[in-house]
1. Which numbered condition trips up Lys88, out of (1) surrounded by fewer than 16 Cβ atoms within 10 Å (Cβ to Cβ); (2) modelled with pLDDT of 85 or more; (3) not small (Gly, Ala, Ser)?
2. Condition first: at pLDDT 90 or above, β-branched (Val, Ile, Thr) and under 13 Å from the mean Cα position of the chain (by Cα). Can you find one or more residues in segment 2-18 that meet it?
3. How about segment 50-87: which of its residues are over 25 Å from Glu28 (Cα atoms) and in a loop (DSSP other than H, G, I, E, B)?
4. Only residues that are over 11 Å from Ile97 (Cβ atoms) and of a type outside the set (Phe, Trp, Tyr): list them for segment 66-77, please.
Amino acid sequence: MDVALIDGHNEKPYRKDSDVIDLDDKEELLYSDPEVDFKEFEDYIMINGKKLKKPFVEKPANAEDHEVKIYYSSFNPCGSGYNVLFRKTNDFSGQFIP
């Protein structure tokens, strides 16, 4: 799936040098995809060796896909996880997934 990552604070592309930090933290790896050099940790993700701290937004590149995800770190009052926002159905337009 093609997505555009946006910094949750500034809504600027993640490739901005001041938003991406090179660090070698030793935390528990939650997910890894070596084919695209992607690693997910509890409080950040690493893409091509660059660190992007949570919160950040994953937005589909396809305009017809309305499912937007907001990823939160463990510093969030509700804990780490993500919120899925989607086109409103009945009384729901989003769901938090810990």
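The values are calculated or read from the model by the stated rules, or taken from the named source; none is laboratory data. In this text the structure is predicted, and so the values were computed from the model without any measurement. Ideal geometry is used to build each Cβ from the backbone, glycine not excepted, and the neighbour counts take in all protein chains shown.
1. Only one criterion is unmet by Lys88, namely (2).
2. First pass over segment 2-18, keeping only residues at pLDDT 90 or above: none.
Looking through segment 2-18, none of the residues is at pLDDT 90 or above, β-branched (Val, Ile, Thr) and under 13 Å from the mean Cα position of the chain (by Cα).
3. Residues of segment 50-87 over 25 Å from Glu28 (Cα atoms): 59-68, 85-87.
Answer for segment 50-87, where residues must be over 25 Å from Glu28 (Cα atoms) and in a loop (DSSP other than H, G, I, E, B): Ala61, Asn62, Ala63, Glu64, Asp65, His66, Glu67.
4. Residues of segment 66-77 over 11 Å from Ile97 (Cβ atoms): 66-68, 73-77.
Listed by number, the residues that qualify are His66, Glu67, Val68, Ser73, Ser74, Asn76, Pro77.
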